[in-house]
Amino acid sequence: MDFLVFQYPMITLQACLDGILLGVLFALIAYGMALQWGVMNIINIAQGDLVILGGYIAYFMYLYGIHPAWGVIVAPVIMYFVGIAIYKLVINKVVDRDLFISILATFGISILFMQLMNFAFGADVVLANSGYGTTMLFDNNVVLPNSKIFSAFISIVFAVCLVIYMKKSKLGRAIRATAQNARAAKILGVDTEKVYAATFGINAALCGVAGALISITFTIHPYMGLPYTIRSFMIVIVAGLGNLPGVAMSGMGLGVFEEFADYILGTEFRIGSVFLLLVLILVYRRFKLSRKREYLK
Amino acid sequence: MNKNFVLYAAILIFGLAAPFLFPAFKVQLSILCVLIVLATTWNIQGGEMGYNSFGNILFYGLGMYLCASVQVGMFFPLAEWTESGGEKTFVHTPTQFFQGMAVGLVVAAVVPTIVAGLIGYSILGLRGHYFAICTLGLGVAAGEISGGIEIIGAGQGFTTPPFPNVGSLEARGEFFYFLSFFTLVLTFIAVRSIYSTRFKLILNAIRDNEDKAEAMGIETMKYKIIGWMISAFFCGLAGGIMGGLVGYIDSTDVAFDGREMGVFMVLMAILGGKGTLWGPIIGATIFHIFKEGFWTFFLGWQYVALGVLIVVIVIYFPEGIMGWLREKYPERFGEVVDEKDRKAQVELK
């Protein structure tokens, strides 16, 4: 236990800023999860592995001499088709079944992806060096890597574009209609099968963007997927489905929590504290709801 | 009854004779027994109660660490053991080893049961997928946290006491085989007697419609917690045995291995058929044979095969082997089928 972080305001500020910049990325992933959860009613355990796969695409561009920031454009395009392929092969068979079936099936996909990435890219922790340098603030007391600022900026741009797309375009309207009532949408001529495929593809593309940004700012490793899934799940249940400002806020809150947990408990308990926080949030909500004789649905 | 008695006697005799018939497979057979115990007890709350848990690995890992810690801590300082790779400096005499193992197994079974009882009230109030994800988080969190605790070896792992020299080279395998086989028999008797009581009907009522069960005056929370505690008891016991069998405990790769064992127990129960007595046993046996085949012939590709296997089983056989048999031969399961109904069924298909 080390509470030094609260005694020096500059360290506190550093942790907060780091957390917020990190949280924006989490919110982007969580947005994808909220989208598919709301529209198709499945929980995708493989979400984090799609993120890592997107990260490896950017990393490979870096290895072949292309600046990894271009991964932000390339990764979502590739990931969109990966998402469609996963949908056609597996997800469309579990869409209208029990939620536990979808959890287990995507758990299988997660294990599969983890191991395939391990074969293809090796089990080393890697990062794509963007060479962006750092920004010093407050008399050089707070150090922010430019890559983190870049990644937060790009995530916000993508999120805003997607929100506008969902509001204005024909496909966006079809997706929202299917989320409200799939059967009625079908009767009114929406091809729900196509909508589901597109939703999963968009989700995978978002994961691709987030992964490319993570490979620039942090590190990636084939087995690091599950924490990202749990983080996005946590953000969605705190914010609720279809609550975009809530997703953004709780994403940043989670980022700040993680940075503080890192300082106080030590880095080895960072992932553990995330998973424990999930359990605590669920238990808190359960007790709050049980006073009204209800349960989480 | 008579037919069943013959069947049980045959299985019991086969089980007792197995290590002498297949001396090379003793370790595999012991692991099979542990897997069957895990699948059968997962089925109590996963299949019968409808609470699909990924978190039974928590009790398994807890039992594993507790059994080994008690076995070491009873005779030697635990911190020094884990720090220096204690098996080189400290040696258990046979008496110490077996005494430690006995006390360790009792602790390994009792403490997870208490833990399940304590956290049960909070966790079991969640339903459906929230319960599944919450228990998944619990299992992974336990692994990550135990990987940071120094006294039980932290990241480098914990070597369990090696089997003492009692004169025979075969003794280790036979000891662990009979230990796990005895646990299996104990589990089977316990589960079978549970399944013939009102308790099982209550669990099924909770699975089918919890709100209605509550409205009928059943204290569902009490029975849910008891069901989970029974699972935890046998999971802890299985973990303790597995720790001694493997000989080495690592926080995320052996004990709290949500990616392997945590999914295996769910998969085995589903493969055999959720909510049946024999389903998990058949499922575990088939799964273990498959797994060893994969691990031997496709070394390196085993997780790929595992991922594909999970997806295929979940999508195409969600009812499992027993469910498929039940649909095909309903009379064997004590269901009376009208001849007209069957014809209508065939025509429908």
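The values are calculated or read from the model by the stated rules, or taken from the named source; none is laboratory data. Just so it is clear, the structure is predicted and the values come from calculations on it, not from any experiment. Backbone-built Cβ (ideal geometry, glycine too); neighbour counts: all protein chains shown.
Structure summary
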| quantity | calculated |
| --- | --- |
| In the range B:116-141, the residues that are facing chain A (nearest Cβ under 8 Å) and small (G, A, S) | B:S122, B:G125, B:G128, B:A132, B:G137, B:A141 |
| The range A:145-166 residues that are over 22 Å from A:Q36 (Cα atoms), paired with ones that are hydroxyl-bearing (S, T, Y) (beta carbon under 6 Å, 6 or more apart) | A:P145/A:T134; A:N146/A:Y132; A:N146/A:T135; A:S147/A:S130; A:S147/A:Y132; A:S147/A:T217; A:K148/A:T217; A:S151/A:T217 |
| Conditions (1) surrounded by 20 or more Cβ atoms within 10 Å (Cβ to Cβ); (2) over 20 Å from the mean Cα position of the chain (by Cα); number of the one not met by B:A141 | (2) |
| Selected residue (only one of A:S155, A:S110 is in a helix (DSSP H, G or I), within 23 Å of A:M252 (Cα to Cα) and not hydrophobic (A, V, I, L, M, F, W, C)) | A:S155 |
| Qualifying residue in the range A:261-276 (condition: surrounded by 18 or more Cβ atoms within 10 Å (Cβ to Cβ), in contact (Cβ under 8 Å) with a residue 24 or more places away in the chain, within 9 Å of another protein chain (Cβ to nearest Cβ) and among the aliphatic types (A, V, I, L, M)) | yes |
| Residue match in the range B:85-93 (condition: among the basic types (K, R), modelled with pLDDT of 80 or more and in a helix (DSSP H, G or I)) | no |
| Test: residue in the range A:123-144 that is touching a helix residue (DSSP H, G or I) at 6+ places or on another chain (Cβ under 6 Å) and assigned to a helix (DSSP H, G or I) | no |
| B:Y303 vs. criteria at pLDDT below 85, exposed (fewer than 15 other Cβ atoms within 10 Å of the Cβ) and either in contact with an Asp or Glu (Cβ under 7 Å, 6 or more places away or on another chain) or under 30 Å from B:T82 (Cβ atoms) (or both) | no |
| Given (1) touching a helix residue (DSSP H, G or I) at 6+ places or on another chain (Cβ under 6 Å); (2) closer than 25 Å to B:G143 by Cα, number of the condition B:G73 does not satisfy | (1) |
| Members of the range A:62-77 that are closer than 19 Å to A:V195 by Cα and surrounded by 14 or more Cβ atoms within 10 Å (Cβ to Cβ) | A:P76 |
| Selection status of A:I78, in contact with a Gly (Cβ under 9 Å, 6 or more places away or on another chain), in contact (Cβ under 8 Å) with a residue 12 or more places away in the chain, under 18 Å from A:I235 (Cβ atoms) and in a helix (DSSP H, G or I) | no |
| Enumeration of residues in the range A:81-102 that are more than 10 Å from chain B (Cβ to nearest Cβ), outside any helix (DSSP H, G or I) and either at pLDDT 90 or above or surrounded by 15 or more Cβ atoms within 10 Å (Cβ to Cβ) (or both) | A:V95 |
| Those helices (runs of 4 or more DSSP H) lying entirely in the range B:189-259 with at least 2 residues among the hydroxyl-bearing types (S, T, Y) and buried (at least 17 other Cβ atoms within 10 Å of the Cβ) | B:220-246 |
| Test: residue in the range B:261-273 that is within 14 Å of chain A (Cβ to nearest Cβ), within 26 Å of B:Q71 (Cα to Cα) and not hydroxyl-bearing (S, T, Y) | yes |
| Search result, residues across the range A:277-297 that are over 14 Å from A:I237 (Cβ atoms) and either at the interface with another protein chain (Cβ under 7 Å from one of its Cβ atoms) or assigned to a helix (DSSP H, G or I) (or both) | A:F287, A:S290 |
